[in-house]
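Notes follow once the structure below has been shown.
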Amino acid sequence: MTTANTLSTAHNRPTGAGLGFRRELLPAMRQADLSAIDFFEVSPENWLNSSGQMGGQYAKQLREFSERHPFICHGLSLSIGSTAKLDTQLLKNVKAFMQAHNISLYTEHLSWCSDEMGHLYDLLPIPCTTEAVHWVADRIKQAQDILGQQIGFENASYYFNPPNSEMSDAEFITAVAEEADCLLHLDVNNIYVNSQNFGFDPHQYLRQLPVERTCYLHVAGHYVEDDGFLVDTHGNTVIDPVWTLLTDAYALIEQKTGKRASDLPTCLERDFNFPDFADLVDEVNHIRALQSASQSQSQQQTQKTVSQKDSIKDNRHEPS
């Protein structure tokens with residue numbers, strides 16, 4: 001069996017700032033200058049037919065862009081936490097889809113969305129138990145063996161705490177990632193939404209996650225209901241506290257791994273309620289600006305540290 005340490009294809013992954021690829025945006029994208037967008041994210045389930053195959057007008061539309069731009073795959077329906085049999089055919093279809101469009105990174109949600117009766121069309125939280133850690137990790141290992149590479153799993157938004165949990169959500173994510181040796185797809189908007197709905201500090205939560213495994217990041221807008229409850233809709237602009245959390249994530253990941261923010265592909269999600277395409281490009285550019293600012297701050301800190309060390313060294317050689 002292939003070991004997970006040989007599964008990663010990081011050297012082929014896109015970097016920088018990207019945008020979710022949506023059919024509704026095709027007319028605008030065909031007319032726009034796309035040089036500010038480093039990559040696109042695509043959900044393969046939205047482009048495969050009912051038999052899990054590619055073809056027809058959808059395939060031509062996607063090929064029009066995948067031949068000229070890097071892409072990342074973000075799945076919707078693997079249902080890794082389900083008790084139903086793992087959908088190995090879906091994984092085989094995804095693998096063929098990735099090969100056809102020269103895509104090297106695949107991520108999914110650490111949640112479940114189906115059972116023995118079929119798909120539920122919602123992403124539901126997994127009970128945070130030791131038994132679930134082993135169950136999910138085994139399924140991830142199987143999925144990674146089929147794809148022949150590591151998969152990034154996203155910290156999901158949730159609207160209720162699953163019963164019978166034995167550990168925190170962050171502890172569960174960490175345990176699964178370590179046992180499965182998978183990657184982390186870090187969604188900072190999901191952290192913010194959950195923190196507001198369940199009353200915890202999103203920055204402290206961020207520090208409880210295995211951010212050293214981060215392969216990909218999401219940022220998005222959300223909807224605030226009349227009672228203040230937040231819903232992760234991907235239908236609004238990103239708000240300042242989420243941008244601040246993204247900046248914090250960049251700094252924390254670099255501190256733990258040495259990876260620069262610009263090397264961490266970060267995607268703006270927008271699924272409906274689309275503004276002018278130029279407004280989406282502005283948000284993508286804001287991601288890039290934060291990446292550049294993070295790198296500049298890191299360089300300044302490095303220079304400061306070097307100067308302090310040189311000063312200490314000089315003081316040691318001064319005559320008493």
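The values are calculated or read from the model by the stated rules, or taken from the named source; none is laboratory data. Fair warning: this is a prediction, and the values are worked out from it, not measured in the lab. Using ideal geometry, Cβ is built from the backbone for each residue, glycine included, and neighbour counts are taken over all protein chains shown. Please note that ligands, DNA and RNA were not included when accessible areas were found on the heavy atoms of the full protein model with its side chains. Shrake-Rupley method; radii C 1.70, N 1.55, O 1.52, S 1.80 Å.
Quick notes
- Just one residue in the set Leu246, Leu206 is modelled with pLDDT of 95 or more and either among the small types (Gly, Ala, Ser) or in contact with an Asp or Glu (Cβ under 7 Å, 6 or more places away or on another chain) (or both); that residue is Leu206.
- Flag not set for His203, criterion: crowded, with 19+ Cβ neighbours inside 10 Å, touching a residue at least 12 places away in the same chain (Cβ under 8 Å) and not aromatic (Phe, Trp, Tyr).
- Count - residues of segment 84-112 that are out of contact with any helix residue (DSSP H, G or I) (no Cβ under 8 Å at 6 or more places or on another chain), free of Cβ contacts under 8 Å to residues at least 40 places away in the same chain and of a type in the set (S, T, N, Q): 2
- Filter result (modelled with pLDDT under 95 and either surrounded by fewer than 17 Cβ atoms within 10 Å (Cβ to Cβ) or of a type in the set (Phe, Trp, Tyr) (or both)) within segment 10-21: Ala10, His11, Asn12
- Among the residues of this structure, Cys73 does not count as one that is within 21 Å of the chain's Cα centre (by Cα), at pLDDT below 95 and not basic (Lys, Arg).
- Checking Ser168, Ser157 one by one, the residue that is of a type in the set (Ser, Thr, Tyr), in contact with a helix residue (DSSP H, G or I) (Cβ under 7 Å, 6 or more places away or on another chain) and either crowded, with 17+ Cβ neighbours inside 10 Å or closer than 19 Å to Ser111 by Cβ (or both) is Ser157 and no other.
- Checking each residue in segment 76-85 for being surrounded by fewer than 21 Cβ atoms within 10 Å (Cβ to Cβ) and closer than 17 Å to Gly152 by Cα picks out Leu76, Ser77.
- Residue pairs whose Cβ atoms lie under 6 Å apart, separated by 6 or more positions or on different chains, with the first residue in segment 265-288 and more than 17 Å from Arg30 (Cβ to Cβ) and modelled with pLDDT of 95 or more and the second open to solvent by 60 Å² or more (accessible area, probe 1.4 Å) and part of a loop (DSSP other than H, G, I, E, B), are Pro265/Thr15.
- Residue in segment 223-230 that is of a type in the set (Phe, Trp, Tyr) and touching a residue at least 24 places away in the same chain (Cβ under 8 Å) present: yes
- Within segment 233-254, the set of residues being open to solvent by 20 Å² or more (accessible area, probe 1.4 Å), farther than 21 Å from Cys215 by Cβ and more than 16 Å from the chain's Cα centre (by Cα) comprises Asn236, Thr237, Ile239, Asp240, Pro241, Thr244.
- Count of residues meeting criterion [open to solvent by less than 50 Å² (accessible area, probe 1.4 Å) and without any contact (Cβ under 8 Å) to a residue 12 or more places away in the chain] in segment 22-55: 1
- Flag not set for Asp145, criterion: more than 14 Å from the chain's Cα centre (by Cα) and crowded, with 20+ Cβ neighbours inside 10 Å.
- Looking only at residues of segment 21-79 that are part of a loop (DSSP other than H, G, I, E, B) and of a type in the set (D, E, K, R), we find that the one that is nearest to Asn273 (Cα to Cα) is Arg22.
- Residues being among the polar types (S, T, N, Q) and in contact with a strand residue (DSSP E or B) (Cβ under 7 Å, 6 or more places away or on another chain) - total across segment 191-216: 3
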